[in-house]
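Presented below is the structure to which this report refers.
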Amino acid sequence: MTRILYSLCGADESRPFSPHCWKVVQALHHKGLDFVEKPTPFTRIPDLEDGFSKTVPILRDGNELVRDSFEIALYLEDRYPDRPSLFGGEGGKALSRFVERFSQTIVHPMITEIAVADIHDMLGDTDQIYFRTTRRRFSAAAWKR
Ligand SMILES: N[C@@H](CCC(=O)N[C@@H](CS)C(=O)NCC(=O)O)C(=O)O
């Protein structure tokens with residue numbers, strides 16, 4: 001069966017850099033599931049799987065398509081119950097959701113503010129234009145670092 005993880009890369013395809021995609025890589029390894037990773041630049045994401053998602057990670061698991069790192073973890077837990085558990089039960093699932101939301105809403109914006117200029121510099125030319133346009137909300141100081 002073909003299992004494909006679409007992840008995010010800049011100009012260098014050998015350095016996928018999205019933390020959301022890293023979480024899925026770790027989950028797949030934890031479950032002991034083989035997969036092929038296809039690192040994709042920002043501006044190619046809308047072309048993946050007939051426009052299935054505006055963001056990566058996207059997992060193709062045979063005929064199934066799943067988007068969003070947490071949704072993918074829930075899917076893997078349900079689909080492969082005989083493999084090592086990702087959550088260890090409902091309590092672990094709830095705690096993981098809390099940590100994920102805290103990270104997404106509190107930690108992630110601060111890290112992006114710190115890293116926005118470095119992320120930009122890793123991208124190919126077309127993605128750099130897209131990234132400058134979509135990340136204008138970050139402060140001038142962040143862009144000058
Ligand atoms: N909640 C989503 C967030 C996914 C997300 O924001 N992915 C970013 C890469 S880190 C993305 O694909 N962005 C596309 C864009 O900004 O155009 C998840 O956990 O998978």
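The residue list 21, 81, 32 was ranked by how far each Cα lies along the charge dipole of the stretch 3-108 toward its positive end, using unit charges on Cβ atoms, and 21 comes out on top.
Given their separation in residues at 0.36 nm each and the Cα-Cα distance between them, residue 14 and residue 129 gain 39.3 nm when the chain is fully extended.
Available extension along the chain between residue 118 and residue 71 is 14.1 nm, counting 0.36 nm per residue and deducting the alpha carbon span. In order along the stretch 105-115, phi translates into HN-Hα couplings of 9, 10, 7, 4, x, 5, 5, 5, 4, 6, 9 Hz, rounded to whole numbers, per the Karplus curve 6.51 cos²θ - 1.76 cosθ + 1.60 with θ = phi - 60° and x for Gly and Pro.
Taking every DSSP bridge with both residues inside the stretch 3-108, close to 60 percent are antiparallel. Remark: for residue pairs 31/93; 31/54; 23/54, the C-alpha separation exceeds 22 Å in 31/54. Measuring with a 1.4 angstrom probe and ignoring ligands and nucleic acids, residue 17 comes out at about 30 Å² accessible.
Between residue 64 and residue 139, what's the calculated FRET efficiency when r is the beta-carbon distance and R0 is 35 Å? Round to 0.05. It comes out at approximately 0.30. Could you work out what % of the accessible surface of the stretch 3-108 is carbon and sulfur, using a 1.4 angstrom probe and leaving DNA, RNA and ligands out of the count? Looking at the stretch 3-108 in its full context, I get 53 percent from C and S. For the stretch 23-145, the solvent-accessible area of protein heavy atoms averages 62 Å² per residue (probe radius 1.4 Å; ligands and nucleic acids excluded).
Over the stretch 3-108, the reciprocal of the mean inverse Cα-Cα separation, the Kirkwood hydrodynamic radius, stands at 14.3 Å. With 0.36 nm allotted per residue and the present C-alpha distance subtracted, the residue 47-residue 3 stretch has 14.0 nm of extension available. Rounded to the nearest 500, the 222 nm mean residue ellipticity of the chain from helices alone is -14000 deg cm²/dmol, with -39,500 (n - 2.57) taken per DSSP H run of at least 4 residues. Evaluating 6.51 cos²θ - 1.76 cosθ + 1.60 at θ = phi - 60° for every residue in the stretch 98-103, the Karplus couplings come out as 4, 4, 5, 5, 4, 4 Hz, glycine and proline recorded as x. Residue 123's amide H: which non-local residues (gap 5+, or another chain) put their own amide H closer than 5 Å, with H modeled 1.01 Å from N in plane and none for Pro or chain starts? Placed amide hydrogens put 11 under 5 Å from residue 123.
The values are calculated or read from the model by the stated rules, or taken from the named source; none is laboratory data. These numbers come from a predicted model, not from an experiment. Using ideal geometry, Cβ is built from the backbone for each residue, glycine included, and neighbour counts are taken over all protein chains shown. Side chains included, ligands, DNA and RNA excluded: accessible areas come from the protein's heavy atoms. Shrake-Rupley method; radii C 1.70, N 1.55, O 1.52, S 1.80 Å.
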